[in-house]
Amino acid sequence: MEIKVIAGDITKIETGAIIANHFEGMEHLDGDITIIDKALDGAISQLITQGEIKGKLSEVTIIHSLGKLSAARVVIAGLGKQPELSQDKVRGVVAETCRLLRGKGVDSIATAAQGAGAAGISLESAAQAVTEGALLGVYSFRRHITKEAEYGEIKELTIVEPDETKLPLLEQACYKGRVLAEATNLARDMVNEPANYMTPSHMAETANRLAETHGLELNILEQEQMHELGMGALLGVTQGSRQPPKFIVLHYRGSDSNEIDIALIGKGITFDSGGISIKPSEGMGEMKGDMAGGAAVIAAMSAIAQLKPKINITAVIPAAENLPSDNALKPGDVLTAMNGKTIEIISTDAEGRLILADALGYAKKLDAKHLVDVATLTGACIVALGNVCSGVFGNNQELVDKVIAAGAEAGELIWQMPMYEEYKEQNKSDVADIKNVGGRYGGAITAAQFLAEFVSDTPWVHLDIAGTNLSEKERAYLVKGATGVPVRTLVNLVLALAI
Ligand code: BES
Ligand code: MN
Ligand code: ZN
């Protein structure tokens, strides 16, 4: 979809549909909608009087203009109650409107920067939200479906602004929105891709392609180097699979200093069968998405490379498959992580924390000043928070607060979980320094406490996205399948830290 910003009069545009908004509870029309209503001989005001248009959030009414306007249709999209509007609601309304129009064969749309001026939403954030909503909302993953889709494609979305002097600002906002949405859709593609395609090697190739396109430095460590570095925890996880593991490292340099300001670390388990502690077969296919943290980090790096903040970022993605075999890791085994700590394996299904232990160890060795890891780490996090928000854990409140704020800006909800010392007790082992499962209760927290053992004093935040990585249904700008969470949070965080 091409997204354009033009200066002009929306009522005069030749297009498949122009979108106008209505707020719930507003009796009078104002602005452009009055002119459109007049051209349509009062059709809109009549529908409002009759109660068909209520302005409820995401209510969409299509009126055919039958030659009375240059646009074939006028679409009235409800924005809900004006004081309750948010940038994220605009994303959702635009997404749902675009999907509906796509289903009706509309291929070009014109709209104002929806929501601008309401509830403190600036013109720029409205334009960014429209762009993100449109691109995220029409996302689909059809790579392995040979039949053509029943719906068409929206080829063009034009944001129309009456004031010409605002164009540069709007273009910048649209560019940012496009970069964020495309990176999110890239992460969605990676997560939706079946595990027989999205192997650790394929993840590495994807990172390589992005590095070449956007000018990132790439370094892929092979199994031999993992041995040399003493990454015993990662090697333990991968040993049951014939897919070679890949340790993907991407560098973005936006500042002159030699310091790595932040390391972004993402879990890259391309399939999690559970290993010898095998999972029940029902729903196991979802575990092709167990590399979502890694995908989000790779995708965020591609966006960062395009937005060019003045900051140095390194991405670290340990990629491996977790499978049972005669050579697989076993419960009772003891592994030694890169930092020298020994780990008793209680369950081979608690593999995420193992590969992250070595990834955190590696990022620490690079002397990164802040660490942010992202992982589909625990079913317990889904039990605690459902699929509405990701869980955040950390050893530094300032960084936790920044991550939560970056998420709020993206419309990606995040809830902080406790890190009381008392939970550490559950991870104590009789035969090693620590064990990889801390029991049934507080499982998301004990997993985070496990990671904390490999971080020590560096400011660190851990995001558990087990519940938010997939959406069961179409909702606002999410479609069924991968959500691309938390790509936009990560990019917002980096942009905020660069200021
Ligand atoms: N990848 C899973 C966590 C997960 C579960 C993500 C469901 C998304 C949806 C992780 O590797 C895992 O298996 N965790 C175990 C840990 C347990 C053995 C301590 C879990 O949550 O059951
Ligand atoms: Mn597992
Ligand atoms: Zn896993």
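The values are calculated or read from the model by the stated rules, or taken from the named source; none is laboratory data. Note that the coordinates shown come from a computational prediction; the quantities given were computed from them, not determined experimentally. Glycine gets a Cβ as well: all are built from the backbone with ideal geometry, and neighbour counts include every protein chain shown. Surface areas here come from the heavy atoms of the whole protein model, side chains and all, with no ligands, DNA or RNA. Shrake-Rupley method; radii C 1.70, N 1.55, O 1.52, S 1.80 Å.
In the stretch 124-146, the residue that is nearest to residue 102 (Cα to Cα) out of those that are part of a helix (DSSP H, G or I) and of a type in the set (D, E, K, R) is 132.
Regarding the stretch 383-395, can at least one residue be identified that is out of contact with any helix residue (DSSP H, G or I) (no Cβ under 7 Å at 6 or more places or on another chain) and part of a helix (DSSP H, G or I)? There is at least one residue in the stretch 383-395 that is out of contact with any helix residue (DSSP H, G or I) (no Cβ under 7 Å at 6 or more places or on another chain) and part of a helix (DSSP H, G or I).
Among all residues of the stretch 423-434, there is at least one that is in a strand (DSSP E or B), over 16 Å from residue 380 (Cβ atoms), within 16 Å of ligand 1 (Cβ to nearest atom) and assigned by TED's automatic domain parsing to the domain that holds residue 373.
Condition check: over 17 Å from the mean Cα position of the chain (by Cα) and not in a strand (DSSP E or B). Does residue 467 satisfy that?
For residue 467, the condition - over 17 Å from the mean Cα position of the chain (by Cα) and not in a strand (DSSP E or B) - is not met.
The residues of the stretch 368-402 that are touching a Ser or Thr at 6+ places or on another chain (Cβ under 7 Å) and of a type in the set (A, V, I, L, M), listed by number, are 368, 371. Quick check on the stretch 211-224. Is at least one of its residues assigned to a strand (DSSP E or B), assigned by TED's automatic domain parsing to the domain that holds residue 192, more than 17 Å from residue 300 (Cβ to Cβ) and not β-branched (Val, Ile, Thr)? Within the stretch 211-224 (the criterion being assigned to a strand (DSSP E or B), assigned by TED's automatic domain parsing to the domain that holds residue 192, more than 17 Å from residue 300 (Cβ to Cβ) and not β-branched (Val, Ile, Thr)), the answer is yes, since at least one residue qualifies.
Within the stretch 44-88, the residues that satisfy the criterion of being open to solvent by 30 Å² or more (accessible area, probe 1.4 Å), in contact with a helix residue (DSSP H, G or I) (Cβ under 7 Å, 6 or more places away or on another chain) and in a helix (DSSP H, G or I) are 45, 87. With the condition kept exactly as written, say whether any residue in the stretch 253-262 is hydroxyl-bearing (Ser, Thr, Tyr) and open to solvent by 50 Å² or more (accessible area, probe 1.4 Å). Yes.
Could you say whether any residue in the stretch 399-407 is open to solvent by 20 Å² or more (accessible area, probe 1.4 Å), aliphatic (A, V, I, L, M), in contact with a helix residue (DSSP H, G or I) (Cβ under 9 Å, 6 or more places away or on another chain) and within 16 Å of ligand 2 (Cβ to nearest atom)? Checked the stretch 399-407: no residue is open to solvent by 20 Å² or more (accessible area, probe 1.4 Å), aliphatic (A, V, I, L, M), in contact with a helix residue (DSSP H, G or I) (Cβ under 9 Å, 6 or more places away or on another chain) and within 16 Å of ligand 2 (Cβ to nearest atom). Inclusion of residue 198 among residues that are open to solvent by less than 20 Å² (accessible area, probe 1.4 Å) and either touching a Leu at 6+ places or on another chain (Cβ under 8 Å) or not in a helix (DSSP H, G or I) (or both) is warranted. Pairing residues of the stretch 454-465 that are aromatic (Phe, Trp, Tyr) with residues that are part of a loop (DSSP other than H, G, I, E, B), at Cβ distances under 9 Å and at least 6 apart in sequence or on separate chains, gives 454/337; 454/338; 454/339; 454/341; 460/395; 460/396.
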